[in-house]
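The structure under discussion appears below in the form of structure tokens.
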Amino acid sequence: MSVFQFLKSKTFFKQIAFAVIGLVVFVFFFKFWLGIITNHDQKIQVPNLHKLTIEEAERTLRDLNLDFVVKDSSSYNPEYPKRSVIEQNPEVGEFVKEKRKVYLTLNPSKYRNIQLPNLNGRTKRQAISELKAIGFKVGTKFTYIPDIGKDVVRGLKHNGKIVNANDKLPKYSTIELILGSGDEEVTPETNPEGEPIDTPALDLDSQ
């Protein structure tokens, strides 16, 4: 029998049919096996872990057969408990497979520290603008000392104590300015205990 006759014979078509059927069966069983070993049909809904401590989040994820990786955050959020989960990836409600890693970002225990700039010799307005720009608050009262430079910065205070350039304080700390009075000598007003009375600050934002 020639090759051409064989290609037109029933035997050839039967072999082709058996080959196709065998391939289909193989693909079916291969996909079935692959689905078993990869948990293809098993989906787990990611729970809401926000505001949980790392211990609480770990227990929740372990119960669902999920893994996790912890990342620290550089931005403190006062609306979340300290060292609690502030962000998660995948997000709440997403469906994932078993053993999927959930990435957790934790809330720091406080605002990050910021280095105080050297403001000596700056004007009051310049100092206020610079302090606010880097994340500090400025006190509502100014302390004046004898100095020929009027409203020129001669020092800084925080919680009533002198602080210096390059000192580090938490973001949003309130900084009080010590300014020159414009006179070489000044007699400050005092309260009944003999302590100096600070001069109310000028509200620059309203100007």
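For region 41-68, taking the residues that are among the aliphatic types (A, V, I, L, M) and closer than 20 Å to Gly93 by Cβ, the one that is surrounded by the fewest Cβ atoms within 10 Å (Cβ to Cβ) is identified as Leu64. When each of Arg83, Arg125 is tested for being among the basic types (Lys, Arg) and either surrounded by fewer than 12 Cβ atoms within 10 Å (Cβ to Cβ) or closer than 21 Å to Pro170 by Cα (or both), the lone residue that passes is Arg83.
Residues that are closer than 30 Å to Val153 by Cβ, surrounded by 15 or more Cβ atoms within 10 Å (Cβ to Cβ) and not assigned by TED's automatic domain parsing to the domain that holds Thr140: does region 69-77 have at least one? Yes, the conditions are met somewhere in region 69-77. Of all residues in region 131-187, those satisfying the criterion of being assigned to a strand (DSSP E or B) and aliphatic (A, V, I, L, M) are Val138, Ile145, Val152, Val153, Leu156, Ile162, Val163, Leu169, Ile175, Leu177, Ile178, Leu179. Before we move on, is Arg125 over 12 Å from the mean Cα position of the chain (by Cα) and without any contact (Cβ under 8 Å) to a residue 24 or more places away in the chain? Here the answer is no, as Arg125 does not meet what is asked.
The values are calculated or read from the model by the stated rules, or taken from the named source; none is laboratory data. Note that the structure is a prediction, hence the values are computed from the model and not measured. Glycine also receives a Cβ, built like all others from the backbone with ideal geometry; neighbour counts cover every protein chain displayed.
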